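Notes to accompany the following structure.
The values are calculated or read from the model by the stated rules, or taken from the named source; none is laboratory data. Remember, it's a predicted structure, so these values are computed and weren't measured experimentally. Quick reminder, even Gly has a Cβ in these numbers, built from the backbone with ideal geometry, and neighbours come from all protein chains shown. SASA here: full protein model, heavy atoms, side chains in, ligands and nucleic acids out. Shrake-Rupley method; radii C 1.70, N 1.55, O 1.52, S 1.80 Å.
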Amino acid sequence: MTLSATSHRARPQVPAVPGEPLLALRDVRMHFPAAGGTRAAPRTVKAVDGVSLTLHAGQTLGLVGESGCGKSTTARLIARLLEPTGGQILYRGVDIAHLSTRKLRPYRREIQLIFQDPVSSLNPRHTVGTIIGTALRTHRIVPPHREVARVQELLEIVGLDPDHHGRYPHEFSGGQRQRIGIARALAVRPKVIVADEPVSALDVSIQAQVMNLLEKLRREFGIAFVFIAHDLGVVRQFCDRVAVMYLGKVVESGSRDALYGTPMHPYAQALLSAAPNLATTRGAPPRARIRLVGDVPSPVDPPTGCRFRTRCWRAEDRCATTEPTLTPTAAGLNTACHFPERLDPSWLEVA
Amino acid sequence: MDGATIRPDLGYAVVLAALAVATAVLARATRLGVGRQILTASARAVAQLAVVSVVIVAVLRSAGYTALFVAAMLAIAAATSARRVGEGRPAWWVAVPLAVGTAPVLGVLLATGVVPRAPVAVVPVAGILIGGAMTSTSLAGRRALDALEDRFGEYEAALALGLTSRHAALEVCRARAAEALLPGLDQTRTVGLVTLPGAFVGVLLGGASPVEAGAAQLLVLVGLLAVQTVAVAATVELVARRRIPWRRG
Ligand SMILES: Nc1ncnc2c1ncn2[C@@H]1O[C@H](COP(=O)(O)OP(=O)(O)OP(=O)(O)O)[C@@H](O)[C@H]1O
Ligand code: SF4
Ligand SMILES: [Mg+2]
């Protein structure tokens, strides 16, 4: 499949602007209308509340955080399935945050999504060939007489039997269906794939196979990934850079090694200390676990100052009044905390 | 036909009440969750039909009142459908499929004189057509919204591929909404074999010949299919354009 790999790179759709990262979010906000508001005093769910991220070509950026912190909303914003209520989404330097459906079309080819639930994202009435063919036709990727051949190529790339293009989604297993979703995303030859928990719904035994496939796509096609997962071990294996989200904000981000090695934000430290599969990687003795007390506050009324202060053991008065911003705290690491501090490394013994 | 009509006497009242209560009890025992609704719907039906039986005589005497009565039927059908489809907040746009489904068919039937332009003919035909439009609009609307809820990922995948929101939504909800036409199709397909629907029986009881009754029924069935097809198509379009608001996204 090296042939398609070269042709993949040889079709610039959106002009590359030198010096601009492939993708950058600048202070992006997504406030959904919430129940219980009035016209005079509307209430909003601040699902994403000032997120800035950068992704360079071929890079993989992991997005981690507890349920409800805004990871999927960020994914939908990047793919422009949602129009942000604030901030910029720059693709090769062009702000696509408020482009119309028509103007957005060339960018649709560049950025694709892989979903957590492959079942609900595939039309049960269409054959695999039709599902992938629709993607090809929408952007006239190949001439009509080449369509079936290209579908078969794509099936082969994702590790499915090319002769199965006439089958329906229900004739495949969960892992195979996820591969169909991946083939559909690949059909338009994207530069960026946003994968929102792509393996969480799969059996553990299948997860590694699908992760290997994603790894292959990144290697062979140079596709950049925004990768969302609950499993910090998978993120660590797959991602060059990692951003930790809490209640609609990025609280710490940096290179994989810095973030997993010397996290400085208390929330990142808690998250890493609680990850079971990190502890067992090296057969290290069970580590101390930081137990977070209290619930995640509501994204409708987030706490003033630092959003993590209601659960933070290092919180002081200043944390309630002044919001910390991302600032460099260690080599390759940015942290949004007034009191960044290394933890006793034995807590996070995995390096 | 004296011996063949239904007489609302005491025995009738007892049987009717017993039937409604037994149904409600059964619904509760089997936990279908509609026990109460069966009773209130039955009680409403009693009250409504009592009122209609009284006013219908006046209505049928005047063309103006007849037009007003038909308009009221449409409004009530719209309100019912709007609440069924919208759940929390009524989806008032459903009035459009009801109107664009019913008006042309009724118009053609009256303009060509196939249905006599007399109130006594117009009211029942309009009632059947509007009722059919209401059922299929509610069903199509709910099914389309269900489909978009269950298969939101498919909608998003289509959007991400560059389809317009309307086109992506149509792909997801059209087939499911079209199922709202199945009851009408089946009724037409099996008429005379499984069902002898209301119009046939009514016209027969009214003293017409079986052939006349059959002709009337055929008109109603084909008219209904036309009305329901237009109503379903219009409902799907309104859902795809988000005029009928989605439950999520
Ligand atoms: N369309 C919407 N309307 C209103 N609120 C929404 C909408 N989508 C998401 N939210 C809210 O925004 C917040 C963030 O949701 P999101 O799905 O982005 O979280 P997540 O990090 O992906 O969580 P999970 O790990 O459970 O998938 C949640 O409080 C959610 O209820
Ligand atoms: S700013 Fe304060 S409350 Fe927030 S994480 Fe840092 S120490 Fe904790
Ligand atoms: Mg999510």
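Points worth noting:
- Qualifying residue in the stretch B:226-246 (condition: among the polar types (S, T, N, Q), farther than 22 Å from B:Val94 by Cβ, open to solvent by 60 Å² or more (accessible area, probe 1.4 Å) and modelled with pLDDT of 85 or more): no
- Subset of the stretch A:92-138 that is acidic (Asp, Glu) and more than 10 Å from chain B (Cβ to nearest Cβ) - its residue that is nearest to B:Ala157 (Cα to Cα): A:Glu110
- Matching entry among A:Thr85, A:Thr74 (being buried (at least 22 other Cβ atoms within 10 Å of the Cβ) and within 16 Å of ligand 1 (Cβ to nearest atom)): A:Thr74
- Qualifying position, being open to solvent by less than 10 Å² (accessible area, probe 1.4 Å), within 30 Å of A:Leu154 (Cβ to Cβ), in contact with a Pro (Cβ under 8 Å, 6 or more places away or on another chain) and of a type outside the set (D, E, K, R), among A:Leu214, A:Leu186, A:Leu272: A:Leu214
- A single entry from B:Ala144, B:Ala126 fulfils the requirement of being under 15 Å from the mean Cα position of the chain (by Cα), more than 14 Å from chain A (Cβ to nearest Cβ) and open to solvent by less than 10 Å² (accessible area, probe 1.4 Å): B:Ala126.
- Restricting the stretch A:232-251 to residues that are in contact with an Asp or Glu (Cβ under 9 Å, 6 or more places away or on another chain) and open to solvent by 10 Å² or more (accessible area, probe 1.4 Å) leaves a set whose member that is farthest from ligand 2 (Cβ to nearest atom) is A:Gln237.
- Filter pass, B:Thr66 being among the hydroxyl-bearing types (Ser, Thr, Tyr) and either surrounded by fewer than 15 Cβ atoms within 10 Å (Cβ to Cβ) or in contact with a Pro (Cβ under 8 Å, 6 or more places away or on another chain) (or both): yes
- Some residue of the stretch A:120-135 being modelled with pLDDT under 95 and within 16 Å of ligand 3 (Cβ to nearest atom): yes
- Where a residue in the stretch A:310-333 is open to solvent by 60 Å² or more (accessible area, probe 1.4 Å) and its partner, wherever it lies, is within 10 Å of ligand 2 (Cβ to nearest atom) and assigned to a helix (DSSP H, G or I), with Cβ under 8 Å and at least six apart: A:Trp313/A:Pro266
- With a requirement of 2 or more residues that are of a type in the set (Gly, Ala, Ser), the helices (runs of 4 or more DSSP H) lying completely within the stretch A:152-262 that satisfy it span A:174-187, A:204-221, A:256-261.
- Which listed residue is in the same structural domain as B:Trp93 (by TED's automatic domain parsing), modelled with pLDDT of 90 or more and not aromatic (Phe, Trp, Tyr), from B:Leu181, B:Leu204, B:Leu218: B:Leu181
- B:Arg176 vs. criteria open to solvent by 50 Å² or more (accessible area, probe 1.4 Å), in a helix (DSSP H, G or I) and either among the small types (Gly, Ala, Ser) or modelled with pLDDT of 90 or more (or both): yes
- Cross-chain or 6+ apart pairs with Cβ under 8 Å, the stretch B:19-39 first and under 18 Å from B:Arg84 (Cβ atoms), then modelled with pLDDT of 90 or more and open to solvent by less than 70 Å² (accessible area, probe 1.4 Å): B:Gly33/B:Ala27; B:Val34/B:Ala27; B:Arg36/B:Ala24; B:Ile38/B:Ala20; B:Ile38/B:Thr23; B:Ile38/B:Ala24; B:Ile38/B:Ala27
- Scan of the stretch A:46-86 for residues that are more than 26 Å from A:Leu271 (Cα to Cα), away from every other protein chain (no Cβ under 14 Å) and either within 16 Å of ligand 2 (Cβ to nearest atom) or in contact with a helix residue (DSSP H, G or I) (Cβ under 9 Å, 6 or more places away or on another chain) (or both), ordered by number: A:Gly58, A:Pro84
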